[in-house]
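The values are calculated or read from the model by the stated rules, or taken from the named source; none is laboratory data. From a predicted model like this one, the values you see are computed outputs, not experimental measurements. Note that each Cβ is placed from the backbone with ideal geometry, even for glycine, and that neighbours are counted across all protein chains shown. Heads up: the accessible areas ignore ligands, DNA and RNA and are worked out on the full protein's heavy atoms, side chains in. Shrake-Rupley method; radii C 1.70, N 1.55, O 1.52, S 1.80 Å.
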Amino acid sequence: MDNTRLYKNIVILTGAGISAESGLSTFRGANGLWNNRRVEDVATVEAFERNPEFVHDFYNTLKPEILKAHPNPAHFALTRLQKEYPAEVSVITQNVDTLHEKAGSQNVYHIHGQINQAVCLNCGHILESWNDVTTETVCPSCGIAGMMKPNIVFFGENLLYMDKVEQLLRCCDLFLSVGTSGVVYPAAGFVQTVKYYGADAVEFTLEPTANNYLFDRHIYGPAGKTLPQFVDELISSLRK
Ligand code: BV8
């Protein structure tokens with residue numbers, strides 16, 4: 001990997017680890033969200049059909065903590081990269097929090113959905129709300145009650161923005177994967193796609209991940225420290 005290379009299309013994939021230093025739990029690490037509950041009971045279509053109140057309640061309880069969280073230096077490093085590096089810089093996030101937007105990032109694609117959105121299963125309207133959404137919530141567009149689902153991509157559901165994502169991955173020449181364990185597909189397979197198209201790929205996590213053999217470079221440590229340093233290196237390389 002050549003640090004002085006001038007990149008044109010940078011794609012960053014983020015996961016729960018980039019929000020860890022903002023105080024938000026990851027899924028599979030120590031006291032992860034999935035540690036004391038079965039994914040099948042919360043984040044699957046069957047779970048929602050079986051017990052929509054339980055699933056709504058799970059996400060409603062996460063909203064206040066996510067709403068009050070602040071972006072950390074890792075989020076701000078990506079915003080700086082977008083502002084100061086002469087390339088198309090896109091953020092594909094698996095996270096349902098809005099910390100990238102709070103840090104001022106543009107071109108953010110929430111492929112697993114967003115906690116502050118619900119979708120009407122009757123008419124497809126997207127309701128933006130940090131308040132509780134329940135089985136009683138009336139859709140402001142079609143007026144039907146009880147058809148709102150958290151706009152979260154459950155296991156077994158297709159991801160959002162995949163046409164745009166496929167186009168970004170094909171044109172990418174630098175791929176950064178930040179704070180993701182590389183176990184959930186198809187996001188965990190994005191690195192394979194960008195490598196096929198000749199990109200350089202760098203992974204930022206705390207420890208080796210499930211798909212780490214596919215990356216050219218591994219930078220272990222808290223992204224709040226490692227990512228600002230890396231962005232600094234990229235921007236200073238412009239002046240060489
Ligand atoms: C789909 C919503 C087509 C809920 C989520 C068998 C084999 C392979 C694949 C499959 C299979 N069977 C089924 C599948 C497909 C399945 C899948 O991948 N399953 C896996 C688990 C085996 N995928 C799907 O179903 C996807 N859809 O494929 O559609 C289809 C259609 C019909 C039928 C079949 C297929 C849908 C996937 C989306 C599921 N929804 N979340 C919610 O968010 O509440 S997934 C969930 O995991 C989150 O979105 C999360 O973002 C994602 C990944 O987790 P991570 O972000 O990586 O978090 P994690 O805790 O795991 O790791 C944190 C990392 O950060 C660690 O590496 C750690 O080291 C690091 N870290 C921690 N702190 C820091 C740090 N790094 C840096 N600094 C720090 N400070």
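Here are some notes:
- Failed criterion for T26 (all others in (1) within 10 Å of the ligand (Cβ to nearest atom); (2) of a type in the set (S, T, N, Q); (3) at pLDDT 90 or above hold): (3)
- Output for segment 202-230, where each listed residue is more than 12 Å from the ligand (Cβ to nearest atom) and crowded, with 22+ Cβ neighbours inside 10 Å: F215
Results for (1) assigned to a loop (DSSP other than H, G, I, E, B); (2) under 30 Å from Y197 (Cβ atoms), shown as yes or no for each residue.
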site	(1), (2)
Q106	yes, yes
A118	no, no
L159	yes, yes
V165	no, yes
L176	no, yes
G182	yes, yes
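- Restricting segment 43-70 to residues that are near the ligand (Cβ under 10 Å from one of its atoms) and closer than 25 Å to K102 by Cβ, the residue that is modelled with the lowest pLDDT: A43
- Residue in segment 184-229 that is modelled with the highest pLDDT, counting only those that are part of a loop (DSSP other than H, G, I, E, B) and among the polar types (S, T, N, Q): T209
- Here L169 meets the list (1) in a helix (DSSP H, G or I); (2) of a type outside the set (D, E); (3) open to solvent by 40 Å² or more (accessible area, probe 1.4 Å) almost entirely, failing just condition (3).
- Residue check for D97: open to solvent by 50 Å² or more (accessible area, probe 1.4 Å) and either under 27 Å from Y220 (Cβ atoms) or without any contact (Cβ under 8 Å) to a residue 24 or more places away in the chain (or both): no
- Of the set (1) surrounded by fewer than 18 Cβ atoms within 10 Å (Cβ to Cβ); (2) within 15 Å of the ligand (Cβ to nearest atom), all apply to V91 but (1).
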